[in-house]
Each structure stands twice: as structure tokens, then as C-alpha cells.
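The values are calculated or read from the model by the stated rules, or taken from the named source; none is laboratory data. These numbers were taken from a predicted model, which means no experiment stands behind them. FYI the Cβ positions are ideal-geometry reconstructions off the backbone, even for glycines, and counts take in every protein chain you see.
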Amino acid sequence: MIELMPISRQFRLLKDDILAEISDTIEQGQYILGPKVKKLESRFSEQTGAKHAVAVANGTDALVLTLDACGIGPGDEVITTPYSFFATAEAVSRLGATPVFVDIDRSWNLDPERIEAAITARTKAILPVHLFGQPAALDDIQSIADRRGLLVVEDACQAFGASYRGKSIGSIGHAGCFSFFPSKNLGTLGDGGIVVTSDPELAGRLRRLRQHGSAERYYHDAIGYNSRLDELHAAILLVLLNKVEAWMKKRRAIAKTYDERLRPLKPVLEVPATEEGRLHAYNLYCITSPKRDSIREALSKNNVQSGVYYPRPLHLQQAYTSLGYAVGDFPVAERLSREALALPMGPLLTDQEQELVIAVLQDFAEKGGAK
Ligand SMILES: Cc1ncc(COP(=O)(O)O)c(C=O)c1O
């Protein structure tokens, strides 16, 4: 079976180093917010160019705590994409605010041309997602936000390693939120997340919020959360950080091969569009095809896993019926929900495996994609 994301290979490869770090953590004796979390935070701010990094329990909390620290709550609106993992909008709703969806562009991210029309007196922030690792149109989004006095919070959960006009994503908006879920470009053996920002006050609020709203033990100046990155996960992530640059190169090389070999298969399927000045991090490599489900079947018959991200856009989720959206409201997102298909991707996917995936797709297209 060719896995969609061969992640266990990554951990097996680094097992000895990871076990040594875990052993070191046991000996060091600090298991919550110890030196390894601090080191990871400083490596992260170096890596992204943001002045501060605050590690939290997962990517969803990174979003919730950031929006909370930005003062977003009941009655407020946050503009975001209907084509993302549920957590993006859920974070907004969790604070009692309302996600306001805007359709996506050809990069499959928030379409800046549609944002202005969705701004109301209640809008407080724009929450772009860098979906599958491709940066959203941050310049345009930031300039709308500046003009209209809104904050930009980047959902960079899928996009570690991506950059926009030479700047690391996450560091361009007011804050950027990352996830360390195992399948992410930088993932741990469990849950984890981090927020980066260059605003010292926001960083301070985040540090307090993750610790029950407390800066000094047993003194609480806000209602907070218990949302800290475990020292053990920081230890594991420090091992992975040493590898991640080489692995990002490998992801891009695999994407380039898919691009070159699959582009001629149009119109049976299309490769993802990439935009000038945006360095894609390829957490997922998704093709589109009106015959998506038959392609998926052909791959599966040949023991190749594929993935549907996402079968139902956020505005049509049952949890959001109360928002009153209907089928047809966001045609681009709805089409992608029917047509996008993720192919096997990961730094340790072998050339042979990729060749087999390509061969199945070529064979499908040669037969006219008739089925
Ligand atoms: C776009 C996006 N936002 C938020 C999240 C939430 O991250 P986590 O699973 O670490 O809570 C994820 C990931 O899983 C994601 O893909």
C-alpha cells in the first residue's frame, strides 16, 4: 500500500535521536514549560522572523488563544474561507464570534477581491488559511485590513516552511498560528501548536492565557486555558527541526515531478495552480478533476491511498446551519469539495512509489478517463 502520508517512516528514521531527547527530558526533570519549550520558541521566532513565539497545546488552541488575546468575542465577525479544516471557523465560534465566509481564488485561499463586500461594522479580523501549504494573497489581504482597521491572523497550520515574497508565512499578519499535528510538515508524536507574533503585548497575553490567565503562580488576571506544549513534544520537535529543511526540499521536488508529469493529463485532471512570489510548502499535493471519484477508485485498486480534502465546505457543515448559508453561495469552494484529490506526498515517499502513482493516473487518462 502506498500511503497518502508516510509519516511513521519519518519517526522511525529519527527514532534513536528522539528516544535520546525523551530520555534527556526525563533526566532534566522539567516536564511543563521547561527549557526545551523555550528553545523551540526561540528557534521558531528565528525561523519565521517574528519576534515572539508562544507554544500551546495544538493548532486549534493557537487560533482560539490568539483570537481571544486579540479581544475577539460575542458580537464580532471574522472573515475567513469556507474551504479549510473545520478548526479554522470553529476557533472563531468557540469565542462566541461569527465566522463570515468569503469564496476562494485560484490558489484555493481567501479571494481578496471578495473580502471588502463582506466587511461590516462588526468585522474585527481576517483569518486567511494557507491551504495545503500554499500562501494566501497576504499583501492584498493585509492592505485591505490596514485600510479598514482590521487584524490579520494567519492560519498557518498546514504551511510550515512556506513563504510569501521571501518572508516566512505566519510573520506577515498580526499573528500566525501553526499546528504540530503528526501529519504537518513539522509534526510531533501527538498534538502541539505555536503562535508567532512581533507584538510583545499580544505575546504576553498569550503566555498568560495558556497558563490559566496567570503571569505569576496562583495570581490570575484573566480567565485563561490550560494550553501548553508539553516539554516532551518540544524535545521531539527540536529533533525534527534539524531535518525539516531537507524534507521541505524533498516535498518541493516531489511536487515538481507531479507537476511536470501530470500537467499533460489535462483536461482529465489538473495540477494545482501556483502563484508568483509564493513558496508553497506542499503539506498536501492536490489535483482536481471532475472525475475525482473514479480516479480515487483507480488509485485504490492499485493500492494507492488518496485523500479528499474536504468533502464538505464549512458553510454547508451541519454545525453551521444556523448561519443560514446555502448550496451555491461559494461556488469555487463547492467545486473543489467535489473535485480535489490529494496524492501521496511526504519527504520519504520513494521515487518508485511516486512513479507508480503517476503511472496509474496516466493509464486512467489514456483510457480517456471514461469511467
Ligand atoms: C487549516 C488548519 N487549521 C487548524 C488546524 C488545527 O490544528 P490542530 O489539529 O493542531 O488543532 C488544522 C489541522 O489540523 C488545519 O489544517
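Observations, loosely collected:
- Matching residues in segment 140-176 - criterion: being charged (D, E, K, R) and within 13 Å of the ligand (Cβ to nearest atom): E154, D155
- Of all residues in segment 87-108, those being within 12 Å of the ligand (Cβ to nearest atom) and either part of a loop (DSSP other than H, G, I, E, B) or surrounded by fewer than 24 Cβ atoms within 10 Å (Cβ to Cβ) (or both) number 4.
- Residue within segment 170-178 that is over 21 Å from F160 (Cβ atoms), out of contact with any Ser or Thr (no Cβ under 6 Å at 6 or more places or on another chain), in the same structural domain as A125 (by TED's automatic domain parsing) and not hydroxyl-bearing (S, T, Y) present: no
- Considered as a group, the residues in segment 50-86 that are near the ligand (Cβ under 9 Å from one of its atoms) and in a helix (DSSP H, G or I) include one that is surrounded by the fewest Cβ atoms within 10 Å (Cβ to Cβ), and that residue is T60.
- Subset of segment 22-49 (residues that are among the acidic types (D, E) and crowded, with 19+ Cβ neighbours inside 10 Å): E41
- Residues of segment 116-139 satisfying the condition of being more than 16 Å from the ligand (Cβ to nearest atom) and farther than 12 Å from I172 by Cα: E116, A117, A118, I119, T120, A121, R122, T123, K124
- Residue in segment 360-369 that is without any contact (Cβ under 8 Å) to a residue 40 or more places away in the chain, under 12 Å from I254 (Cβ atoms) and surrounded by fewer than 16 Cβ atoms within 10 Å (Cβ to Cβ) present: no
- In segment 295-317, the residues that are farther than 24 Å from T350 by Cβ and among the charged types (D, E, K, R): R312
- Residues that are farther than 14 Å from S107 by Cβ, assigned to a loop (DSSP other than H, G, I, E, B) and among the aliphatic types (A, V, I, L, M), drawn from segment 263-294: V268, L269
- Some residue of segment 5-22 being assigned to a strand (DSSP E or B) and either within 18 Å of the chain's Cα centre (by Cα) or assigned by TED's automatic domain parsing to the domain that holds I223 (or both): no
- Test: residue in segment 138-146 that is over 20 Å from the mean Cα position of the chain (by Cα), surrounded by fewer than 24 Cβ atoms within 10 Å (Cβ to Cβ) and among the β-branched types (V, I, T): yes
- Of everything listed in (1) more than 20 Å from the chain's Cα centre (by Cα); (2) free of Cβ contacts under 8 Å to residues at least 60 places away in the same chain; (3) part of a helix (DSSP H, G or I), the single unmet condition for R252 is (1).
- Selected residue (criterion: nearest to the ligand (Cβ to nearest atom)) from residues of segment 183-234 that are touching a helix residue (DSSP H, G or I) at 6+ places or on another chain (Cβ under 8 Å) and of a type in the set (S, T, Y): S183
- Among residues of segment 174-196 that are of a type in the set (S, T, N, Q), those with a Cβ under 7 angstrom from a residue that is assigned to a strand (DSSP E or B) and within 11 Å of the ligand (Cβ to nearest atom), sequence gap 6+ or separate chain, pair up as S179/G193.
- Test: residue in segment 320-333 that is modelled with pLDDT of 95 or more and closer than 29 Å to E3 by Cβ: yes
- S163 being closer than 18 Å to A53 by Cβ, small (G, A, S) and out of contact with any helix residue (DSSP H, G or I) (no Cβ under 9 Å at 6 or more places or on another chain): yes
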